[in-house]
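Written below as structure tokens is the structure these notes are about.
The values are calculated or read from the model by the stated rules, or taken from the named source; none is laboratory data. Please read these numbers as outputs of a predicted model, since none were measured by experiment. Cβ sites come from the backbone with ideal geometry, for glycine too, and all protein chains shown count toward neighbours.
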Amino acid sequence: MSSRTSRRSLLTALGAAAVGISFGAAGCSKPAGDGVSASGEEPKLNFYNWDTYIGDTTLSDFKAASGIDVNMSLFASNDELFAKLKAGNPGFDVIVPSNDYVPRMSEAGLLMPLDHAKIPNFKNVNAEFLDPPYDPGRKFSMPYTWLALGLGYRKSKMKGIVPDSWKYVFESDMFRKRITILGDSADLIRLAGKYLGYSINNIPDEGLVKIEAMLMKLVRSGNLLKFTGDEGDTLLANGDADLVIEYNGDVAQKATEDPDLDFLIPKEGSELTSDTLCIPTGAPRPDNAHKFINYILDGKAGAEISKTILFPTPNDAAKALMPDDYRNNHIIFPPADLLAKSEYAQFPGADRLQKYEEMATRIKAAGVGG
Amino acid sequence: MEQSWRQAKSIFMTLISAPLFWLVAFFIIPMGIVWLYSFGENSGLIDIAFTGTWSNYAHAFDPLYLGIFAKSIGVAVVTTFFCLVLGFPVAMAITFAPDKAKSWLLLLIMLPFWTNLLVRTYALIAVLRTNGYVNMTYQFLWERTSGLMTLLGMQPLGDFHPAILLYNNFAVVFGLVFVNLPFMVLPLYSTLDRMDRSLLEASLDLGAGHIRTVWNVMVPLAGPGIVSGILITFIPSLGAYLTPDLLGGPDSQMIANVIESQFKRANNWPFGAALSFILVYMTFIGVALQGVIESRNKRRQA
Amino acid sequence: MTEAIARPRKLPPAPLEYLRRWPIRLSVGAVLVFLYAPLITLMIFSFNDSKANVVWRGFTLKYYIKALHNDSLIQAFSNSMVIAFFSTVLSLILGAMAAIVLWRFRFPGKTVFDGALAIPIVVPEICMGVGMLVFFAKVLPWPQEMPWPLNLGNIIIAHVSFSFPFVAVVVRARLASFNREMEEAAKDLGASEFRALMDVVIPHIQPSLIAGALLAFTLSLDDFVITFFTAGPDTITFPVKVYSMVRFSVTPEVNAASTILIVVTVLLTFLALKFQGSQALTAGHGADDK
């Protein structure tokens, strides 16, 4: 029957078109993963990383140096990473958690201890990062970058002042609807706590009450444009917002194209983070993983990465190879006195995190009926 | 009309085996696990123990979360309303169009639906933001009008303030309507198309104007289609995640965003599971309502 | 009772020719503008020579070149296409089977089956996503180093699970208008149950199979939440990739990638219609089906 054959031919045609397009495309780009390296692992690596967080040529340089093909996938937050690994490692070899997630993941058995013998470039790491409180002796992680949270702003729109305090985002009417703050519950509460004078890892209960009241007032006042994840710098750059809470490297990247943008750490101090390289438990190619981590810690490779992502590096050898406008960039390397006032976050424990999350939900719901 | 399965056992078995197996293995079982989680608790850092507790549901009935449910329902209702109001004339137009135009029109309306949700929402950002196309046009018109008024000797308009169209509830509703409108048109068109046109012609012949005909004759006849359309629009709007996430403002969070944060940030899967299942129960109620309305309609027609 | 009338344009619109009346024309036009303007501007701005992509600075193809050289983007795209293809085929088969069974037979547990079939349509995506994640981790671990495209299997399974009920709905709607007497006639003429099914029922539901296939294809291509939870390192799909691009680095490259996707979807739809004739969408509705 003609209608039956035309239906079949239609489905075939549809299918052929789809498969043809995809096989053609995939054929061009499928990495060749044959052969086995000396350690018995195939020359491949699954790297789970943040977006725009690797040098332009790092992966191809690594392949040229070692023959290992790196397949990089992206995640957008530590929670995504944690949720993905919590149910069982789907095949990642190297991951990039932030410092406060390292103890959380290692306690949950999700991280493999590192074999320092396989990472000789460890010697390049800056002394401050050799034995941090979140990973004594660097058992599970190697430092990749460090970051500072602070205020990104557009100089010409600041009405003549320099916004050197958190009060300009939390408690001021000066920049109505041109402010964005972080939506992440823990970071938001920690920064608000810093503004009110508390240490970020030790906010007492009455502090939490004050923070919640202040932030609810902020949401109700209508001064806030948005709670952001990572897009604060985009909103700053395209003119939707003039004062944003952001990471220094993100603003540094945008500032290279738009000199009207600047960044500072407020005078009350801020939160520091360090993103680290780890090997998750159950990684199929731990040997390749160690090789990759060692490669990144190399001075030259590290410098290539920093050139692209413009985040501060904990790698002394890399820093030495960077041009002056990187080393002296006050956005990338904020002044020492403000850094001294800033702290690294610790994992506050699951219960406390849930408490923060509920606070954040209440704050975000404050506009309702308010 | 139906026959008992015993009359054609082999065909019945062949036909039902695959869908049934798939449904059970790859849907019921996973959802069952999540349902069990809603009665469980976090034990340790990554495991979940099934303890048969109701605490998660109790927590979900906290005013904070009830308020968010209410807000999500409100947003969904407004979205559905606009989809209905905008979609009905379009469905009418397609129904009564000449055949050739019909399929083209239908295609035109459905085509955006086939593009990726993310792409469409992202496109809206560029339209609605402070330096977006709407504001640019608005600014253009404002300045031209101001210039014109100065020319005519009148006071010029004041400084241009861009309209704040993004990162607020307006943007969320706008985005949801934008995304769901094609969903509304199809069932409306389906029902209108099967409608007996002689009734409309009779109404017009008897002297009722078009508006009255539409309101008193066409709309009631399109009843089942309207109900389907409402359901197909309301449910996705209620459970929307991407649109409030990308387009919403500080106070625009909807229930799906809260659920997502429970599964991610708060790492509280049991609570997130409880919240999602409340959403599921609510939608069951909606579907049941539709079923009741439909059977009442059928009885009326019989 | 309606006549197909070919009128010369000069006559005023007939009573029911709503499309020719200006209020309707205006509202349809407005809706079309509303639906298309953002997409068209998105596509135009994919040619914009400006990294920040706020103001038009000049025409360039470089972001297309960048997108086409973006290996992870291409891989994501081809993953999405392959997943959508297999998901569509499986959903079509399962959905049609389910629809026929529900339409044709009475059996114990029918309401339950009917209701269960509706749940995937109704359930919040994130709930299903988590369920799939846990299922593929604890109940049915999907072997990891399978060759492409088998490693996409778990995503395909997840997509089929939420797609085939939609197909079933579409096919059932069409089956409702099927006249059983035709099937009886076939059987009276000596056809077996099976033949009667294949040669009489299937051709009748053909338009709904097309519609169902397109629906399943779109649902799969479009999906973000469920795919995100089931995807692994080698199996990133297009929406997931675009989402991370939108969150982090909004350049015309995102527009270029989106435009490519839009064009591909439109092309495939046109292919489908061309093979079927434009009667596909309207066939089976209204008066022409006596």
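Restricting the range B:273-297 to residues that are among the small types (Gly, Ala, Ser) and closer than 16 Å to B:Ala70 by Cα, which is surrounded by the fewest Cβ atoms within 10 Å (Cβ to Cβ)?
Restricting to residues being among the small types (Gly, Ala, Ser) and closer than 16 Å to B:Ala70 by Cα, the top hit is B:Gly286.
Scan the range A:89-144 for residues that are among the acidic types (Asp, Glu) and surrounded by fewer than 24 Cβ atoms within 10 Å (Cβ to Cβ) and jot them down.
A:Asp100, A:Glu107, A:Asp115, A:Glu128, A:Asp131, A:Asp135
With respect to B:Trp142, is the statement that it is of a type in the set (Phe, Trp, Tyr) and loosely packed, with under 13 Cβ neighbours inside 10 Å true?
no
Please enumerate the residues belonging to the range C:53-64 that are part of a helix (DSSP H, G or I) and either touching a Ser or Thr at 6+ places or on another chain (Cβ under 8 Å) or within 9 Å of chain A (Cβ to nearest Cβ) (or both).
Scanning the range C:53-64 gives C:Tyr63, C:Tyr64.
Return the residues of the range A:319-350 that are surrounded by 13 or more Cβ atoms within 10 Å (Cβ to Cβ) and of a type in the set (A, V, I, L, M); say none if nothing qualifies.
The answer is A:Leu321, A:Met322, A:Ile331, A:Ile332, A:Leu338, A:Leu339, A:Ala345, A:Ala350.
Within the range B:56-69, restricting attention to residues that are surrounded by fewer than 14 Cβ atoms within 10 Å (Cβ to Cβ) and either in contact with an Asp or Glu (Cβ under 6 Å, 6 or more places away or on another chain) or assigned to a helix (DSSP H, G or I) (or both), which residue is farthest from the other protein chains (Cβ to nearest Cβ)?
B:Ala58
If a residue counts only when it is within 30 Å of A:Gln354 (Cα to Cα), which helices (runs of 4 or more DSSP H) contained entirely in the range B:171-270 have at least 3 such residues?
Once the helices (runs of 4 or more DSSP H) in the range B:171-270 are filtered for at least 3 residues that are within 30 Å of A:Gln354 (Cα to Cα), what remains is B:223-238, B:242-247, B:255-263.
Could you tell me how many of the residues in the range B:8-43 are at the interface with another protein chain (Cβ under 7 Å from one of its Cβ atoms) and not in a helix (DSSP H, G or I)?
1
Which of the following residues is free of Cβ contacts under 8 Å to residues at least 24 places away in the same chain and either assigned by TED's automatic domain parsing to the domain that holds C:Ser78 or in contact with a Phe, Trp or Tyr (Cβ under 6 Å, 6 or more places away or on another chain) (or both): C:Phe194, C:Phe178?
Just one listed residue meets the conditions, C:Phe194.
Need a quick list: helices (runs of 4 or more DSSP H) entirely within the range A:1-93 having at least 2 residues that are in contact with a strand residue (DSSP E or B) (Cβ under 8 Å, 6 or more places away or on another chain), within 28 Å of A:Ala350 (Cβ to Cβ) and at pLDDT 85 or above.
Correct list: A:78-86.
Check A:Gly229, A:Gly183, A:Gly197 and return the single one that is on the phi > 0 side of the Ramachandran plot and touching a residue at least 40 places away in the same chain (Cβ under 8 Å).
A:Gly197
When you look at B:Ala240, is it at pLDDT 80 or above and either small (Gly, Ala, Ser) or crowded, with 23+ Cβ neighbours inside 10 Å (or both), yes or no?
The answer is yes for B:Ala240.
Looking at A:Glu268 and the list (1) in contact with a strand residue (DSSP E or B) (Cβ under 8 Å, 6 or more places away or on another chain); (2) closer than 23 Å to A:Leu339 by Cα; (3) not assigned by TED's automatic domain parsing to the domain that holds A:Asp69, which single condition is not satisfied?
Against the list (1) in contact with a strand residue (DSSP E or B) (Cβ under 8 Å, 6 or more places away or on another chain); (2) closer than 23 Å to A:Leu339 by Cα; (3) not assigned by TED's automatic domain parsing to the domain that holds A:Asp69, A:Glu268 comes up short only on (1).
If we keep just the residues of the range C:65-103 that are away from chain A (no Cβ under 14 Å) and touching a residue at least 24 places away in the same chain (Cβ under 8 Å), which is surrounded by the fewest Cβ atoms within 10 Å (Cβ to Cβ)?
C:Trp103
Does B:Tyr167 satisfy the criteria of being hydroxyl-bearing (Ser, Thr, Tyr), away from chain C (no Cβ under 14 Å), touching a residue at least 12 places away in the same chain (Cβ under 8 Å) and under 20 Å from B:Ala256 (Cα atoms)?
In short, yes.
So how many residues does the range A:79-98 have that are more than 7 Å from chain C (Cβ to nearest Cβ) and within 27 Å of A:Thr57 (Cβ to Cβ)?
8
Quick check on the range B:179-192. Is at least one of its residues closer than 21 Å to B:Cys83 by Cα, in contact with a Lys or Arg (Cβ under 7 Å, 6 or more places away or on another chain) and not acidic (Asp, Glu)?
yes
Are there any pairs, at least 6 apart or on different chains, whose C-beta atoms fall under 9 Å, with the first in the range A:326-347 and free of Cβ contacts under 8 Å to residues at least 40 places away in the same chain and the second surrounded by fewer than 17 Cβ atoms within 10 Å (Cβ to Cβ) and basic (Lys, Arg), and if so, which?
Qualifying pairs under 9 Å: A:Tyr326/A:Lys307; A:Phe333/A:Arg327.
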